[in-house]
Amino acid sequence: MPNELKIKLPKKLKIGGHVFDIVFPYRFPDSDTTGGESYPEENIIKINDHSGMGMPKSESTVWVYLIHEILHAIDQFTMYEVFNNTENGEQACEAIAQYLYQVLNDNDLLKKPK
């Protein structure tokens, strides 16, 4: 699967003591609009690199998707499932992911793989 923007994400991340495989780029067969999904039971996070229109995602959008899925994995591991069991949980997860990305990026705290 081509990754035209040459975005580099870590291949593995440790979340809550669990080593996750990061599958990127990934195309979700059932949805053109899904940005990412986390599977904490399998220690896998999948991140899409294209929009529903088939256009490549920007690097910042891909990083936000990764942070978003990390938050979902943490949420599930804590067993609070705040993002899954509340009316506005998905929107709250997205808002936190957006601002967390901004803080990390603006302060040069994102260590991007070489």
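Laboratory data are not the source of any read-out in this text; all were calculated from the coordinates shown. Everything quoted here is computed from the prediction, not taken from an experiment. Don't worry about glycine lacking a Cβ; one is built from the backbone with ideal geometry, like all the others, and counts go over all protein chains shown.
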Next on the checklist: Let me confirm the definition first: pairs of Lys residues in the chain, 8 or more apart or on different chains, C-alpha distance under 17 Å. How many are there?
Outcome noted: 23
Next on the checklist: So if each residue of separation counts as 0.36 nm, and I subtract the Cα-Cα distance between residue 19 and residue 42, what length gain in nm does that give?
Outcome noted: 7.3 nm
Checklist entry - Within a Cβ distance under 12 Å of residue 19, other residues only, what is the Lys/Arg minus Asp/Glu net charge? => result +1
Checklist entry - Taking H as built 1.01 Å from N, whose amide H comes closer than 5 Å to the amide H of residue 57, not counting residues under 5 places away? => result 50, 51
Item to check | Dipole of the chain, positive direction: furthest Cα of 48, 109, 31, with charges on the beta-carbon | outcome: 109
Item to check | Sites residue 74 and residue 53, calculated FRET efficiency, Cβ-Cβ separation with R0 41 Å, nearest 0.05 | outcome: 0.85
Item to check | Distant alpha-carbon pairs in the range 59-107 (separation over 18 angstrom), percent | outcome: 28
Item to check | Pairwise FRET efficiency - residue 108 versus residue 12, Cβ, R0 = 22 Å, nearest 0.05 | outcome: 0.50
Next on the checklist: Only four residue types carry charge here, +1 at the Cβ of Lys and Arg and -1 at the Cβ of Asp and Glu. Report the dipole size of the chain about the Cα centre in Debye, rounded to the nearest 20.
Outcome noted: 740
Checklist entry - Tally Lys/Arg at +1 and Asp/Glu at -1 over every other residue whose Cβ is under 14 Å from the Cβ of residue 44; what's the total? => result -1
Next on the checklist: Based on the alpha-carbon set only, what is the convex hull volume of the chain divided per residue, in Å³?
Outcome noted: 117
